[in-house]
Amino acid sequence: NVKALAQCLKKIDNYREGCQKEREKIKEIESAVATLEEKLNRVSTDSEMQLACRRVDLCEQICSIFEEGIAAYRDKLKNDVEKDATELFLQISNDPDYTSLSINENYGLSMIHKSGEVVPLRSAGFEHVVALSLIGALHKNAPLRGPIIMDSPFGRLDPTHKRNITNTLPKMSEQIVLLAYTHEIDEQQARDTLGAALNKEYRLQRYSSFHTQIEAQMS
């Protein structure tokens, strides 16, 4: 078919023309790269260029120092939090088989059995104890400190853990606001345990559906 042959030849000519234009662009780019390389070679011995290189090296060294400092501080902080959390945990826990807490890859805390193995499963009560230990340790190692506010921290715990936590509260922070439901904790036992560390005691007194009042309790 003469017509089809003519179309194919036309396409071949177009492709050849396109290839030629692309080769010309490549030559232009190669020429530009060669020109830039020549300029760089000329200035590489220039005093200002050498000074700039030295400054870059200095900045990279300073950056490396900061990165090493951050890593060292992170490792120290991790060890301190782990140590303080373990100390609080041992004061609260009622199970002597659990000897320490360890910060895991996800920066959570794992319980360690006296055999050295990580405890794979833990009860809701011990989950609560570990969380309180972590809160206390993080607060102790924080650069800025404020009050700790705990909302119903005794709900899942047995009487021994409740007593141990109450005894440990003054060691966790200089100021703790503890919100507890009636009968969630033995109030008189808490007063006796905390002693002079108990500053103020308040109760939410409900008068109606639209009126609840905060009232100070007499010491």
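The values are calculated or read from the model by the stated rules, or taken from the named source; none is laboratory data. Keep in mind the model is a prediction, meaning the values are calculated, not measured. Here the Cβ is made from the backbone with ideal geometry for all residues, glycine too, and neighbour counts use every protein chain on show. Calculation scope for accessible area: heavy atoms of the full protein, side chains included, ligands and nucleic acids excluded. Shrake-Rupley method; radii C 1.70, N 1.55, O 1.52, S 1.80 Å.
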Item checked: Accessible surface, 1.4 Å probe, highest first, among residues Ile165, Ile135 -> Ile135, Ile165
Next item on the list: Just reorder Met150, Met49 by solvent-accessible area, largest first, 1.4 Å probe, all chains present.
Entry: Met49, Met150
Next item on the list: Only helical DSSP H runs with n ≥ 4 go in: add -39500 (n - 2.57) per run for the chain, normalise by residue count and round the 222 nm mean residue ellipticity to 500 deg cm²/dmol.
Entry: -21000 deg cm²/dmol
Next item on the list: Give the relative contact order (percent, whole number) for the stretch 88-217; include only Cα pairs under 8 Å separated by 6+ residues.
Entry: 19 percent
Notebook entry, point to check: Mind checking the dipole of the stretch 4-85: about its Cα centre, +1 per Lys or Arg Cβ, -1 per Asp or Glu Cβ, Debye to the nearest 20?
Noted result: 560 debye
Check: Arranged from highest to lowest average of other beta-carbon atoms within 10 Å per residue, in what order do the peptides 123-131, 191-199 appear?
Finding: 123-131, 191-199
Notebook entry, point to check: Under the definition of Cα pairs under 8 Å and six or more residues apart, what whole-number percent is the relative contact order of the chain?
Noted result: 12 percent
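Cβ neighbours within 10 Å, averaged per peptide: list 65-78, 88-101, 136-149 in order, most packed at the top.
On the way: 65-78: 10.6, 88-101: 18.0, 136-149: 14.1.
Ranked from most to least packed, the peptides come out as 88-101, 136-149, 65-78.
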Item checked: Candidate aspartates and glutamates for bridging to Lys25, where Cα separation is under 13 Å - those fewer than 8 sequence places away on the same chain excluded -> Glu17
Item checked: Among the listed pairs Lys83/Lys162; Lys76/Lys200; Lys78/Lys200; Lys83/Lys114, those beyond 27 Å (Cα-Cα) -> Lys76/Lys200; Lys78/Lys200
Notebook entry, point to check: How high is the FRET efficiency between Ala34 and Ile12 when r is their beta carbon distance and R₀ equals 25 Å, given to the nearest 0.05?
Noted result: 0.15
Margin query: Are there DSSP H segments in the chain that both extend 20 Å or more along their axis (alpha-carbon positions) and score a mean Kyte-Doolittle hydropathy of at least -1.0? List them, or say none.
Written below: 2-43, 47-92, 124-141
